[in-house]
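Report on the structure given below.
The values are calculated or read from the model by the stated rules, or taken from the named source; none is laboratory data. Values in this document were obtained by computation on a predicted structure and should not be read as measured data. So basically every Cβ, Gly included, is an ideal-geometry build from the backbone, and we count neighbours across all protein chains shown.
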Amino acid sequence: MGIFQPQYIFANELPIYGLPAITACGDLDIMGLVSAASIMIDEHCGRTDGDGDGSLVYTTYQERLLASPGRNLYVIPRRPLVALSQDTITALQTLDISASGHYYTGCLPSINTLADGTFSAIIGASGRYTYNRRDAFGMHDVYSSFMSPINEISLFGGPPTWNPIDMVNLDYDSKTGELWLSAGLQLSRYNEAIVIYNSGYDPRNMPTQIKTACAAITKNLMAKGSGTTGMTSFSSSKVGVTAQFTEDVIDKNIQRLLAAFVTIRAT
């Protein structure tokens, strides 16, 4: 499917957030400005990846993560983590058909059950042993890792291999993004992991701060004139898309509203 188009204020909500109703807008495409403001929010919050996919709306991401120094923990940057049932996916797909989009990003349903019987936001994960930071420890994080035939082959014959990780005995905090994964060979934690997971909010009930920020950006765009985005720079890299806008479009008050939703990557 194509790039998802978020729309954080629906037509019937315009007056609630101080925006003119469609019938009172004349030639002004108010919903077009709302859509532009919604895209700006996703870019500002770092929700899009290098291919332009991703949103504060329920989205499936694939991340490549490094283990926290000295701990068997990984930090997932895009939060909150959420488990999605097939019924939820079907409902969003149905809404997309009847409402021309804005609901379904292409996210995948949760397929794994945790040890406590609940659905997991983590769809899949693989780990591998790689070179560690030189200031942390030699070439690997434990001496015994040198005894692994997998590591010996990798050391002299190519990149380390990826190993599937148990999807039952894991633990995560949906709000902080901290993820605990089962150890691998010889009970040694993986240095690096690839994690597929679901994150975001229900498009039918987005947080009030996001809706308020969307209305404020829309008003700023109206003041600048139709068709003006206020974007000053745009870049795409492995860690995602970064966009900067003039301060009068995403001003300090809007930034405060969105602060809790901005993606923060551990270093």
Notebook entry, point to check: What single numbered condition from (1) farther than 17 Å from residue 176 by Cα; (2) out of contact with any Leu (no Cβ under 8 Å at 6 or more places or on another chain) fails to hold for residue 63?
Noted result: (1)
Next item on the list: Would you check which residues across the stretch 81-100 are in a loop (DSSP other than H, G, I, E, B) and surrounded by fewer than 16 Cβ atoms within 10 Å (Cβ to Cβ) and list them?
Entry: 85, 100
Check: Which condition breaks for residue 127 when tested against (1) of a type outside the set (S, T, N, Q); (2) modelled with pLDDT under 55; (3) touching a Gly at 6+ places or on another chain (Cβ under 9 Å)?
Finding: (2)
Check: Yes or no: residue 27 free of Cβ contacts under 8 Å to residues at least 24 places away in the same chain, part of a loop (DSSP other than H, G, I, E, B), surrounded by fewer than 22 Cβ atoms within 10 Å (Cβ to Cβ) and of a type in the set (Asp, Glu)?
Finding: yes
Checklist line | Residue, nearest to residue 6 (Cα to Cα), within the stretch 178-207, restricted to residues that are at pLDDT 95 or above and part of a loop (DSSP other than H, G, I, E, B) | finding: 203
Notebook entry, point to check: Looking at 13, 43, 63, which one is charged (D, E, K, R) and under 16 Å from residue 196 (Cα atoms)?
Noted result: 63
